[in-house]
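The values are calculated or read from the model by the stated rules, or taken from the named source; none is laboratory data. Computed from a predicted structure; not experimentally measured. Glycine also receives a Cβ, built like all others from the backbone with ideal geometry; neighbour counts cover every protein chain displayed. With ligands, DNA and RNA removed, areas are computed over all heavy atoms of the protein, side chains included. Shrake-Rupley method; radii C 1.70, N 1.55, O 1.52, S 1.80 Å.
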Amino acid sequence: MISDGSWNKRGLLLFALAMNTRMHASIAVMLAALALPAGALAQAVVHNDEDLSSPRPEAWAMNYVAASTLMTAFGPAPTLAPGQWQLAADLGHIPRLDESQQRVGFSGSKQEDLNRSPVFGRVRAAVGLPAGFVADIGYTPPLTIDGTQPRDMWALAVGRRMYERDAFSFSLRGFAQYGRVHGDITCPARLANADPESNPYGCREPSDDRIGMSLYGLDATGSWRAGRWGLHGTLGYVRTDLEVNVNALTFDVRDQSRLTARDSWPFLAVGATHDIDKRWNAGMELLYVPLKVQREIEGPTERDPLTSLRLRLAYRF
């Protein structure tokens, strides 16, 4: 939909042709820009909203970003008395994507600038509850890295050890996450008003794009202790509700499209922890999320998972 601008008949016909025949979204934007009178270009707004299917490249990228923020159990549920606290800091590696993996815009035809932050981190606070339950709250500070900034990134989990015998324990946990990330993804600052060869989509200024993420799921963790060392394996299932709000000025037309994607995927994490002393604990974990993507409209669906190495340092009061 386009609003705020006086159209001539030729402009209406061109834009209707572009949208009604479901042509490439960038073509629709360019035709709209050409058809508008010069005085109306600055006011034109395009809303090309879509609910994406799971294998679409855009949906894969959204789930990839969401998976990189997942707050895993990082071992068995801690044994905390009611009111006892444990603080921790997590840091996870975000693998760098190659050019083909970043070609996700417009059904896989547009290169997006996705390699921004090489890591994702959060601080966590766990508190003991009655009946052996533990609540775990996570928060990511709004630090800006290469033009991207997380905002209101919160996670909450509640779990407990369901079974313990000798060195083995089995834990169950339910969790939910919410938050958003702002950044100039659609139109990076380095491309604004650049030459047409490097800026074929006509970016006039850095975009202010936002991805909203809601995740919730369950996981189960088996762990084994050997002295100060612990080994664990976690198997979980996540449901995602994701939304991208574009805010980009391209060819003098304001693109404010909204993309949504809903999906579900399993995940696996394996790792080890070490008790430095009675209060300090350090850990390392490998997270694997088996995502799928269809990079060409008529092409096959292929696996393109997230594999992330994670570190944690915890202190028990």
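Those residues that are of a type outside the set (A, V, I, L, M), open to solvent by less than 50 Å² (accessible area, probe 1.4 Å) and either part of a strand (DSSP E or B) or under 23 Å from LEU306 (Cβ atoms) (or both), I need them from region 242-263; list them, please.
THR250, ASP255, THR260, ASP263
What residue, of PRO266, PRO300, is over 21 Å from VAL123 (Cα atoms), free of Cβ contacts under 8 Å to residues at least 40 places away in the same chain and part of a loop (DSSP other than H, G, I, E, B)?
The conditions single out PRO300.
Kindly list, by first and then second residue, each pair from a residue in region 67-78 that is more than 13 Å from ARG124 (Cα to Cα) to a residue that is charged (D, E, K, R) and open to solvent by less than 10 Å² (accessible area, probe 1.4 Å), limited to pairs with Cβ atoms under 9 Å and residues at least 6 apart or on different chains.
Hits for this filter: GLY75/GLU285.
Would you check which residues across region 120-160 are in a strand (DSSP E or B), open to solvent by 60 Å² or more (accessible area, probe 1.4 Å), in contact with a strand residue (DSSP E or B) (Cβ under 7 Å, 6 or more places away or on another chain) and more than 16 Å from ARG312 (Cβ to Cβ) and list them?
Listed by number, the residues that qualify are ARG151, ASP152, TRP154, LEU156, VAL158, ARG160.
So, of the residues in region 206-219 that are open to solvent by 20 Å² or more (accessible area, probe 1.4 Å) and part of a loop (DSSP other than H, G, I, E, B), which turns out to be farthest from PHE120 (Cα to Cα)?
Among residues in region 206-219 that are open to solvent by 20 Å² or more (accessible area, probe 1.4 Å) and part of a loop (DSSP other than H, G, I, E, B), the one farthest from PHE120 (Cα to Cα) is PRO206.
In region 134-185, what residues are among the polar types (S, T, N, Q) and over 18 Å from PHE267 (Cβ atoms)?
THR140, THR144, THR148, GLN149, SER169
Within region 161-180, can you find the residues that are buried (at least 16 other Cβ atoms within 10 Å of the Cβ) and at pLDDT below 95?
Within region 161-180, none qualify.
If you check every pair at least six apart or on different chains, which have Cβ atoms under 8 Å apart with a residue in region 153-171 that is under 19 Å from PRO82 (Cα atoms) and in contact (Cβ under 8 Å) with a residue 60 or more places away in the chain first and a residue that is of a type in the set (S, T, N, Q) and open to solvent by less than 40 Å² (accessible area, probe 1.4 Å) second?
GLY159/SER171; ARG160/SER171; ARG161/SER169; ARG161/SER171; SER171/THR221; SER171/SER223
If PHE106 satisfies all but one of (1) open to solvent by 30 Å² or more (accessible area, probe 1.4 Å); (2) free of Cβ contacts under 8 Å to residues at least 40 places away in the same chain; (3) not aliphatic (A, V, I, L, M), what's the number of the condition it fails?
(2)
Could you please tell me which pairs satisfy a Cβ distance under 6 Å, a separation of 6+ or placement on different chains, a first residue in region 173-198 that is over 29 Å from PRO78 (Cβ atoms), and a second residue that is in a loop (DSSP other than H, G, I, E, B) and β-branched (Val, Ile, Thr)?
Filtered contacts from region 173-198: THR186/VAL246.
Could we say that ARG239 is open to solvent by 50 Å² or more (accessible area, probe 1.4 Å) and at pLDDT below 95 here?
no
Please state which of the following conditions ALA192 fails to meet, knowing it meets all the rest: (1) surrounded by 21 or more Cβ atoms within 10 Å (Cβ to Cβ); (2) more than 18 Å from the chain's Cα centre (by Cα).
Condition (1) is where ALA192 drops out.
Say whether the condition of being open to solvent by less than 20 Å² (accessible area, probe 1.4 Å) and at pLDDT 95 or above is met by at least one residue in region 197-205.
So far as region 197-205 goes, no, none of its residues is open to solvent by less than 20 Å² (accessible area, probe 1.4 Å) and at pLDDT 95 or above.
Return yes when GLY222 is in a strand (DSSP E or B) and out of contact with any Pro (no Cβ under 9 Å at 6 or more places or on another chain) and no when it is not.
No, not satisfied.
Working only within region 75-100, note down all residues that are under 30 Å from GLU58 (Cβ atoms) and either open to solvent by 30 Å² or more (accessible area, probe 1.4 Å) or in a loop (DSSP other than H, G, I, E, B) (or both).
Residues satisfying the conditions are LEU91, HIS93, ILE94, PRO95, ARG96, LEU97, ASP98, GLU99, SER100.
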